[in-house]
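Colleague: Handing you a structure now.
Since every read-out is calculated from the coordinates, none of them should be taken as a lab result. None of the values given here were measured: they were computed from a predicted structure. Heads up, the Cβs are rebuilt from the backbone with ideal geometry, glycines too, and the neighbour counts pull from every protein chain shown.
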Amino acid sequence: MDKIICITLASGFLIGASAQAWELVWSDEFSGEVLPDANKWTTEVGYLRNQEKQYYTGNRTENVRIENGNLILECHKDNFRIPDAGKALYSSVSITTQAHQDWQYGRFEVRAKMPQGNGVWASLWLMGASDSKGSPWPACGEIDIAEHVGKEPENIYGTVHFQDEGKHRKKPFLFAETNLYKDFHVYVAEWGPDRIEFFCDGKKYGTFPVIYAGEGDLNPFQHPFFLMISLALGGSWGGPIDDAILPQRILVDYVRVYQDQTHQKHDKASWSIDPSSTK
């Protein structure tokens with residue numbers, strides 16, 4: 001069993017880290033302008049995946065903004081006009097580091113407060129980059145640092161997705177926690193060459209051996225991934241939407257990426273993947 005240690009850094013507090021030489025290599029403390037830093041994040045636009053009901057509106061302050069040192073992602077019952085395509089009944093936001101930054105291995109830490117109510121689907125996740133020929137989901141791999149659906153008010157899931165023999169495979173890990181929508185919690189995925197581990201508030205609740213997803217270069221978890229944060233409504237997992245609970249929001253205090261000193265970060269992804277692929 002790994003020795004659990006706490007390491008104080010200039011930028012904050014590393015909670016429940018395994019005994020490893022973690023170094024902060026990237027972060028966003030959301031202390032800047034009204035919108036997310038365009039040098040770090042890109043907002044998605046459109047109806048994208050999972051039969052979700054919301055339209056991702058891009059840099060619309062009703063759906064995404066920075067207030068009081070927190071990033072806010074907010075979903076609405078709406079009447080949003082889509083250029084040349086009618087109106088959207090629901091709106092929300094999804095942001096990604098895809099065009100700016102990706103990493104191979106690391107500790108990915110997000111301090112966030114989840115939404116509540118039937119139909120919400122909050123995701124803090126990593127999407128695998130594909131090779132130059134293009135590898136669609138799930139072959140590219142996915143690591144869900146934390147996902148929450150409102151119909152399961154006390155549950156957080158850390159999940160890995162990959163492909164085996166041409167079929168989608170996944171391994172979810174469940175962590176139960178009350179008052180997800182009342183309090184901030186620290187959600188973490190630690191990913192190395194041999195395993196992926198999931199933590200909530202310093203408590204480890206899942207370990208995935210990377211070799212289960214294949215060996216060598218064909219294993220998606222031996223390649224770079226980029227970060228995403230999204231707030232969806234309905235869809236294949238979110239389920240029926242209770243309009244009475246809207247609007248809802250994810251509040252993000254910070255996102256921090258640490259790496260072992262032996263691992264290298266990847267500036268500006270040289271690979272590409274279409275994150276609109278079904279999760």
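Colleague: Using 7 Å Cα-to-Cβ label points, what is the residue 23/residue 207 separation (nm, one decimal)?
Modeller: Simple spin-label model gives 2.7 nm for this pair.
Colleague: Order 204-212, 112-120 from most to least packed using the mean count of other Cβ atoms within 10 Å.
Modeller: 112-120, 204-212
Colleague: Let me check I have the definition right: for region 79-134, take the eigenvalues of the Cα gyration tensor, multiply each by 5, take square roots. What are those semi-axes in whole Å, largest first?
Modeller: Result for region 79-134: semi-axes of 28, 21, 9 Å.
Colleague: For a protection proxy built on the mean count of beta-carbon atoms within 10 angstrom, sort 187-200, 239-252 highest first, please.
Modeller: 187-200, 239-252
Colleague: If you wrap region 28-253's Cα atoms in a convex hull and average its projection over all directions, what's the area in nm²?
Modeller: 12.4
Colleague: Which of the peptides 223-234, 156-167 is most tightly packed, and how do the rest follow, judged by the mean count of other Cβ atoms within 10 Å per residue?
Modeller: With the highest mean Cβ count within 10 Å placed first, the list reads 223-234, 156-167.
Colleague: Could you please state, rounded to a whole Å, how far the C-alpha centre of region 134-185 is from the C-alpha centre of region 199-243?
Modeller: Rounded to whole Å, the Cα centres lie 4 Å apart.
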